[in-house]
Structures are given as structure tokens and as C-alpha cells.
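Peer 1: This is the structure I want to talk about, given as C-alpha cells.
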Amino acid sequence: MKEKEENKQSGEAIESISHPNFEISRRAVLQGAAALGVATISGMALNLANPAEAEAANRVMPKKWDETIDVVIVGSGFAGLSAAAEACVKGSKVVILEKRPTYGGNSIINGGEFNAWDDELHLRKQLNLGEDSPDQHKNDTLKGGDNYGFPELVEILTSKAPEALNWMIDNGGLKLREILNRTGGHSAYRTHTCVEGVGRGYTEAIKKIAEGKGAEIRLNTALTWIWRKDSDAQTPIEGIEIQTGNKTKNIKVRKALILTSGGFSRDIKMRQSFNPSIVPEFNCTNQPGATGEVIRYAQAVGADALQMAFIQLYPYAEPETGILDTPAVYPFRGPGYGIVYVNKMGKRFVNEMERRDVVSMAQIKTGAKPTYSIFNEEMIPKMGTKEEVEKGIQKGRFIRAETLADLAAQLQIPADVFQETISNHNKYLAEGKDPEFGRQFTKAMIPLTNGPFYAIAQWPAVHHTMGGLRIDKDAQVIDIWGNPIQKLFAAGEVTGGIHGANRLGGNAIPDCIVFGRIAGVNANKAG
Ligand SMILES: Cc1cc2nc3c(=O)[nH]c(=O)nc-3n(C[C@H](O)[C@H](O)[C@H](O)COP(=O)(O)OP(=O)(O)OC[C@H]3O[C@@H](n4cnc5c(N)ncnc54)[C@H](O)[C@@H]3O)c2cc1C
């Protein structure tokens, strides 16, 4: 309940003021200021966001262990499951710890979008959607993150993304939809969607591989400390403390500890301590377990963290709750097929092909919540399915109308302005030039001439934390002096330095799976 209250959005944005990162409503900033004062005092004084901080200095390594495990993995999302699948070699005991009562973290509720420049079905060629390459994907990713991503890590992600996708198809029974999208910040059609249209399609495939090889998942079990004698470069990780209910146990880690505990979007105190502009009033798309204590435990034994202030807003969340449900993925998939974003005045306000941070800032700058995505019947099979849209209409998420005038009436936006906006966009598309926002047009885009027409309301919500633990290309955690910490690995959203200032949509799944697999393989060599 408290969490819900803390994350409640400030309601309609009325007036904007400048902030170094972006413009934000005055009301949201003012409301944030009171909470920020508290967070600043408690958060900055200790610069710690989570439990165990006070006793950290007094912790003493246990003299005896309750259990020994070869490879312990913390977190049961894409990264943890992938690490487990690779760490399971003959004779090795591999255990995934998950603090929540169910497996999957943010991964299982994710929108099901996976970027890869190719796949074993060669969808891009089949659908005649132009060219792509590992380098093109790499360059888009670096540019999309303002070149804060480390090129050697980005290259691993983009070059190995198709292999990760094919691994799930071949070994986990993953099935893809026969569609391919070009999404914000990407210069090619490379965003794949699983048949389920939600991350569960991938988590189930990887879980099948991991459990098939003998990995065990322990639910309701939280990592509460990491044991390392001191932070000298030669000193390995010894073990961990875990908690199940009110029972505490110490576990000796024989080969390696892999941290795959995800991001900290739900950790308001941690968010505030690194980026006060992401005020508590923003909604959040994440599951409640997306908190940052594991980053703090790793820092307490010498791990380095980087780029912690880079926190992404998802521009297309449900405006009142911040939920990223199935309908909320359509505005993300649509730009490559001609979807148009309009504000409450019925006008376009941004280049729809832009990255998430640019779209979010443009939405906030409109000064009035929400904004809308507009598409027509012809675009539906390119972005999803008729069944999904019908369900969305029944839930009140999508609005359908036979004419643009009727759609405007239902959205309560000025019909004449809206019709002129759409007619101008149709003209720009026909002429191949957008004099207003510089949208890049492709042959695959569809003009909004024939109805029925559809709309969905959208507004930014806190979504992804790009910063986290520093790793090298072997997924080893690097300490504050630049040395790998023996027996400690990390992968997925808990790491930083890959996506830079802004993650391109669809890049997180390949990041988690590619680096999760690398961590799993190397964990076996570590012990
Ligand atoms: C709604 C939503 C939709 C998204 N859609 C997409 C998309 O379509 N494409 C894309 O590429 N990306 C998408 N993303 C981003 C992507 O899903 C995440 O970055 C990714 O799932 C992170 O995976 P992970 O394995 O690193 O962590 P997670 O999947 O979050 O798993 C981490 C797990 O660790 C557990 N944990 C944390 N601390 C502890 C502890 N102390 N002890 C034990 N367990 C702990 C958590 O409870 C959690 O279950 C989406 C994100 C959200 C929230």
C-alpha cells in the first residue's frame, strides 16, 4: 500500500519548468521536493539505500557454513536463468535464489521484444524489410545511449543476439510471431516478438533449458550479504548469507556467485540518491522486487558501480497506473509502420522514430497528460493481433472509431486540428519528407487514410536503470581498483556500462541472455 502511494503520479501536468535532465511539471517538482529533502538527508549522509547498512562494518565471516553450493545465482529473470543453463555441467550443483514468491522478476512481465539483426528464420529477408548487420545494431545502440556504453560490451551484445534467440528456439521451444518491427532509435527492422507477446515466452524457454540440465530455483529466498575476507585483488568471494522467512543461513560458494538481481526502478530511495530528477511521483512499470540492495552488498565487498544516474522513462505506459501491459507495447512497435503520436491539442509533438528519452521529454513538455498513439486497422497485423486489440478495447485501453472525427470526439481533442495533423502526416509520408519533425519514412509505412482508426493513451513511467555493477567482457565483476573480483560475476540489468545514457527498446533481453550465458560458462572455470 505504501509502495502504491509512493509511486502515485502527480495527476495532470500543468506548467513546465527546466531541469538539467529534462523539463518536468512544476507541480511534480514541488511535490517531489518534500520527499527529496528526506531522501537527501538519509540517503546522501550514508549514501546507502538498503538494509544492513548500519551493521555493515561489524559483520564477521561465519566460522562454519550451513551448506555448500557450486554456483549460486541471485535472481530468476532472463540473466539468472541463462546463467544457470550454462553453469549446469555434470557434477555441479547450481541454485538460483529468488526473494519473491514467484520466479521471473521483470523478465516474465516484459513486453516480449527482442532485438537481433538476424534469426534462424531470417524474418527480415522473408518480410522484405531491408538490410541490417551486427555493426549497424552496435552503432545504433552506442548512439542511442549517447556513447556512454562501452563499445567492447555492446559489440558482444549485438553480435551474439541472434545466437541467443536461436538457442531458445532450438533448445527451449521458443516461438516467434512472423512480424518484425523498427522501433524508436533503431535504423533497421530488428525487433522480434515471441508468440505470447510477453516476456514469459522467453523465460519459460530458458527455464526449460536450465531445469532440464538440473538447475534448482529456491523461491522466497533473499541474498542478505556477500562474504569476502577483504577487498585485496587476490581475495575471492567465500560465501553468502541468505534469508528464507525469518531463517538465516550461510552458504559456502565453491565455484562462483553470479549476481542477476535486476534493476532498481522500484527503489525510490536509491533512485533519489543518484538522480533526484526522477521524482517519486512518477509511476513505475516494474515489479515490486526491482530494488537495489544487491548492488550495495557487492559495493560493500569492493565492487565498482557506474552510470547509476541513468534512469529511463517508458513513454507509453498506462497514464494513471504506469502499467506496461500488452496494449502499452503497441505504441513502441508502431513507429516503423507509420503510427502517429498526438497531444491533447490533436497535434504531433515529436518525431515518432525517436528514442524513449526524447519521446518522454517531449510528452512532459506538452504540459498536458496524456498523449495518444494513433493507428488504423491495416497496421494491426504488423504490430500484433486482432484478438489482442479486441481484448484491449474491452478493457478500455484501445479506443476504436470509424472516422477520425469520431475518434477525436471520443478522445475529447479538437477534431479539426487532429484531422489536419493526420492529413499532413499522410502527405509527408507520400512525399517522403517530414518538414515538421524530420521523421524518417520507409516503404513499409502505412498512411492513415482508411478506417477504422484506433487510439491509445500513453504517459512516461520509470522503467529501466542503465547503471549498475561494472563488468568486463567475461561478465566478471570489477572492483573499485579495476581488478576482477575472484569468483564474482554479474549479468543483466544489475550491471552498468552497456546501454549508456538511454537503453534502446528491445535491447535488454539480448543483453541479459548473452551476458547471463557468458557468466554461466565462466563460473565453471572459476572454481
Ligand atoms: C513491464 C516491462 C516490460 C519490458 N519490456 C521489455 C521488452 O519488451 N524488451 C526488452 O528488451 N526489455 C524489456 N524490459 C526490460 C527487461 O525486461 C529487463 O531489463 C529484464 O527483464 C531484466 O532482467 P534481469 O534478469 O536482469 O532481472 P529481472 O528479470 O528483474 O530478475 C531479477 C530478479 O532478482 C530478484 N532479486 C532482487 N534482489 C534479490 C535478492 N536480494 N535476493 C534474491 N533475489 C533478488 C528479483 O526479485 C527479480 O525476480 C521491460 C521491463 C519491464 C518492467
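Peer 1: I need every pair where a residue in region 348-369 that is acidic (Asp, Glu) has its Cβ under 8 Å from the Cβ of a residue that is modelled with pLDDT under 95, sequence separation at least 6 or different chains.
Peer 2: Sorted first by the residue in region 348-369, then by its partner, the pairs are Asp357/Phe22.
Peer 1: Hey, another quick one. Could you please tell me which pairs satisfy a Cβ distance under 9 Å, a separation of 6+ or placement on different chains, a first residue in region 119-131 that is in contact (Cβ under 8 Å) with a residue 60 or more places away in the chain, and a second residue that is among the acidic types (Asp, Glu)?
Peer 2: Matching pairs, first to second residue: Leu123/Glu178; Arg124/Asp118; Arg124/Glu131; Arg124/Asp132; Leu127/Glu178.
Peer 1: Does Gly496 qualify as being at pLDDT 95 or above and closer than 19 Å to Ile156 by Cβ?
Peer 2: Criteria met by Gly496.
Peer 1: Moving on. Considering region 243-259 alone, what residues qualify as being more than 14 Å from the ligand (Cβ to nearest atom) and under 29 Å from the mean Cα position of the chain (by Cα)?
Peer 2: Across region 243-259, the qualifying residue is only Ala256.
Peer 1: Taking the condition among the small types (Gly, Ala, Ser), part of a loop (DSSP other than H, G, I, E, B) and within 25 Å of the chain's Cα centre (by Cα), does Gly396 pass?
Peer 2: Numbers: among the small types (Gly, Ala, Ser): yes; part of a loop (DSSP other than H, G, I, E, B): yes; within 25 Å of the chain's Cα centre (by Cα): no.
It is false that Gly396 is among the small types (Gly, Ala, Ser), part of a loop (DSSP other than H, G, I, E, B) and within 25 Å of the chain's Cα centre (by Cα).
Peer 1: Same structure, new question: Report whether or not Val359 is under 21 Å from the mean Cα position of the chain (by Cα), within 30 Å of Asn128 (Cα to Cα) and either away from the ligand (no atom under 15 Å from the Cβ) or of a type in the set (Lys, Arg) (or both).
Peer 2: So Val359 passes the test.
Peer 1: So which strands (runs of 3 or more DSSP E) stay within region 184-301 end to end and still have 3 or more residues that are within 30 Å of Gly336 (Cβ to Cβ)? I'd like the intermediate steps shown before the answer.
Peer 2: Numbers: elements: 191-193, 216-218, 221-228, 237-244, 247-259.
Ranges flagged: 191-193.
Peer 1: Now, a different point. Any residue in region 63-72 that is touching a Gly at 6+ places or on another chain (Cβ under 6 Å), within 16 Å of the ligand (Cβ to nearest atom) and in the same structural domain as Val253 (by TED's automatic domain parsing)?
Peer 2: no
Peer 1: What pairs come out if I take residues in region 289-307 that are more than 21 Å from Asn106 (Cα to Cα) and of a type outside the set (A, V, I, L, M) and pair them with residues that are in a loop (DSSP other than H, G, I, E, B) and more than 10 Å from the ligand (Cβ to nearest atom) whose C-beta lies under 7 Å away, six or more apart or interchain?
Peer 2: Gly302/Ser231; Gly302/Ile480; Asp304/Arg470; Asp304/Ile480
Peer 1: Within region 260-286, track down each residue that is within 7 Å of the ligand (Cβ to nearest atom) and farther than 18 Å from Gly496 by Cβ.
Peer 2: Within region 260-286, just Thr285 meets the criteria.
Peer 1: Cβ contacts < 6 Å: first residue hydroxyl-bearing (Ser, Thr, Tyr), restricted to region 76-87; second residue more than 8 Å from the ligand (Cβ to nearest atom) and part of a helix (DSSP H, G or I), any location; separation 6+ or different chain. Result?
Peer 2: Listed by first residue and then by second, the contacts come to Ser82/Ile206; Ser82/Ile513; Ser82/Arg517.
Peer 1: Hey, another quick one. I'd like to check something: does region 319-332 contain any residue that is of a type in the set (Gly, Ala, Ser) and within 16 Å of the ligand (Cβ to nearest atom)?
Peer 2: yes
Peer 1: Please go through region 294-314 and give me each residue that is within 9 Å of the ligand (Cβ to nearest atom) and surrounded by fewer than 22 Cβ atoms within 10 Å (Cβ to Cβ), ordered by number.
Peer 2: Passing the criteria: none in range.
Peer 1: For region 143-176, which positions are charged (D, E, K, R) and either in a helix (DSSP H, G or I) or buried (at least 18 other Cβ atoms within 10 Å of the Cβ) (or both)?
Peer 2: Lys143, Glu152, Glu155, Lys160, Glu163, Asp170
Peer 1: Within region 86-107, which residues are surrounded by fewer than 17 Cβ atoms within 10 Å (Cβ to Cβ) and charged (D, E, K, R)?
Peer 2: First pass over region 86-107, keeping only residues surrounded by fewer than 17 Cβ atoms within 10 Å (Cβ to Cβ): 89-91, 100-102.
Result: Lys90, Arg100.
Peer 1: State whether the residues of region 439-460 include one that is of a type in the set (D, E, K, R), modelled with pLDDT of 95 or more and assigned by TED's automatic domain parsing to the domain that holds Lys207. Spell out how you get there, then give the answer.
Peer 2: So the first thing to find is which residues in region 439-460 are of a type in the set (D, E, K, R), and the list is 439, 443.
Next, only the ones that are modelled with pLDDT of 95 or more stay: 439, 443.
Of the ones still in play, those that are also assigned by TED's automatic domain parsing to the domain that holds Lys207 are none.
No; the residues of region 439-460 include none that is of a type in the set (D, E, K, R), modelled with pLDDT of 95 or more and assigned by TED's automatic domain parsing to the domain that holds Lys207.
Peer 1: Could you go through region 67-88 and let me know if any residue there is more than 30 Å from the chain's Cα centre (by Cα), more than 18 Å from Gly292 (Cβ to Cβ) and in a loop (DSSP other than H, G, I, E, B).
Peer 2: No, the conditions are met nowhere in region 67-88.
Peer 1: Would it be correct to say that Ser273 is within 19 Å of Ile509 (Cα to Cα) and either of a type in the set (Lys, Arg) or modelled with pLDDT of 95 or more (or both)?
Peer 2: No.
Peer 1: Among the residues that make up region 115-122, is at least one of them under 24 Å from Ala523 (Cβ atoms), of a type outside the set (Asp, Glu) and within 15 Å of the ligand (Cβ to nearest atom)?
Peer 2: So in region 115-122, the residues under 24 Å from Ala523 (Cβ atoms) come out as none.
Looking through region 115-122, none of the residues is under 24 Å from Ala523 (Cβ atoms), of a type outside the set (Asp, Glu) and within 15 Å of the ligand (Cβ to nearest atom).
Peer 1: For region 81-89, indicate whether the set of residues that are more than 30 Å from Tyr330 (Cα to Cα), away from the ligand (no atom under 16 Å from the Cβ) and modelled with pLDDT of 95 or more is non-empty. Don't jump to the end; show me each part of the working.
Peer 2: Going through region 81-89, the residues more than 30 Å from Tyr330 (Cα to Cα) turn out to be 83-89.
If we keep only those that are away from the ligand (no atom under 16 Å from the Cβ) as well, we get 88-89.
Now restrict to residues that are modelled with pLDDT of 95 or more: 88.
Yes, there is a match, as at least one residue in region 81-89 is more than 30 Å from Tyr330 (Cα to Cα), away from the ligand (no atom under 16 Å from the Cβ) and modelled with pLDDT of 95 or more.
Peer 1: Same structure, new question: From the list Gly173, Gly201, Gly184, which one is over 21 Å from the mean Cα position of the chain (by Cα), within 28 Å of Pro327 (Cβ to Cβ) and not hydroxyl-bearing (Ser, Thr, Tyr)?
Peer 2: Within the list Gly173, Gly201, Gly184, the selection yields Gly173.
The values are calculated or read from the model by the stated rules, or taken from the named source; none is laboratory data. These numbers come from a predicted model, not from an experiment. For neighbour counting, all protein chains shown are included, and Cβ atoms are generated from backbone atoms with ideal geometry for every residue, glycine included.
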